[in-house]
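Nothing in this text is a laboratory measurement; each read-out follows from the coordinates by a stated rule. Fair warning: this is a prediction, and the values are worked out from it, not measured in the lab. Ideal geometry is used to build each Cβ from the backbone, glycine not excepted, and the neighbour counts take in all protein chains shown.
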Amino acid sequence: MEKNFYHPSHTYLMDLLRKSLEGKVGIVAGVGMGQGKAVVKALLDNGAKVFAFSRTQKDIGITDRNFKMLKGDSTVKEDVLRIAGEVARDEEIVDLLYNNHGFFSSGDSTEFGSALPTFFSRNVMGSVNTINVFHKMMKRGGSIVNVGASRSIFRKSSLEYAVSKYSVEEMTLKFSSILMGKNIRVNAILPGNVDSSPDTDVSVQQTPKGAGDKRNVTPTEVANVALFLLSDMSSGITGQCITVDREM
């Protein structure tokens, strides 16, 4: 059973964490049954209001008055604009954005690079679209966290996956520079293989063949890092990419 990081007996640091997230408004883009759901739950547990969306609007089993699930495709800017309009009917200001976009394939293809436009659209442009739209609602500053991938996965992934996910790191660095003047921090998490339901809406990295016997990262382990980066406890950190892969 996965260890619950959010224990009722709050430590001093957990109190600070909750205080920095309480009342904040967060967007979680690309939510399935894995790390996206874990981030939603962590934010709700710490007093934030969360709007999440996915291409299918699949029920992720969370019922909370501060949570709303919407439908939309991040690769379609019109969808993101429509979602922003729905959010704005409830909340004029957004504080947090978690870009949980991912599309994986192994390195079995012999036609290298043929699917690069598709992978770039799903793994990069989805996040570019959400940042372009939602940063305008971050009127008091905020924090954005993108999801890349541990480079250890690249050894067994397709060329398209490796190139597109590495681009997330450069995108994060550039956006942190662009948005610094608006008091918006931009960082990224680079997860290794993450345990999640096989029917997750967001194609979380599956275990590549030959990756070894070390256990996968749990969704909660990724969410713990996301929570830190989204909160004010990381106020001095921007433009950084943090690997979460248990040294796979």
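Quick rundown of the values:
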{"item": "Hz values of 3J(HN,Hα) by residue in segment 165-175 - Karplus curve (6.51, -1.76, 1.60), Gly and Pro given as x", "result": "6, 5, 4, 4, 5, 5, 4, 4, 4, 5, 5"}
{"item": "Fewest-first sequence of GLU169, GLU91, GLU22 by Cβ atoms within 10 Å of each Cβ", "result": "GLU22, GLU91, GLU169"}
{"item": "³J(HN,Hα) computed for each position of segment 16-21 - Karplus, 6.51 cos²θ - 1.76 cosθ + 1.60, integer Hz, glycine/proline x", "result": "5, 4, 4, 4, 7, 9"}
{"item": "For segment 17-104, with +1 on Lys and Arg beta carbons and -1 on Asp and Glu, the positive-most of GLY47, MET33, LEU96 along the dipole", "result": "MET33"}
{"item": "Sequence-distant residues sharing a close amide H with ILE184 (under 5 Å, placed H)", "result": "GLY142"}
{"item": "Cα Rg, Dmax, segment 46-86, angstrom units", "result": "10.9, 31"}
{"item": "Filtered chymotrypsin sites (Phe, Trp or Tyr not before Pro), segment 140-200: DSSP coil and at most 14 other beta carbons within 10 Å", "result": "none"}
{"item": "Violating pairs (Cα-Cα greater than 19 angstrom) within the set LYS58/LYS139; LYS71/LYS139; LYS37/LYS156; LYS49/LYS182; LYS24/LYS136; LYS68/LYS174", "result": "LYS58/LYS139; LYS71/LYS139; LYS37/LYS156; LYS49/LYS182; LYS68/LYS174"}
{"item": "Per-residue ³J(HN,Hα) for segment 31-43, Karplus 6.51 cos²θ - 1.76 cosθ + 1.60, θ = phi - 60°, Hz, x for Gly and Pro", "result": "10, x, 9, x, 5, x, 4, 4, 5, 4, 4, 4, 5"}
{"item": "Residues GLU247, GLU86, sorted so that the one with the fewest Cβ neighbours within 10 Å comes first", "result": "GLU247, GLU86"}
{"item": "GLY192 long-range amide H proximity, modeled H, under 5 Å", "result": "SER150, VAL244, ASP245"}
{"item": "Amide proton proximity set for CYS241, modelled H, under 5 Å, gap of 5+", "result": "ALA188"}
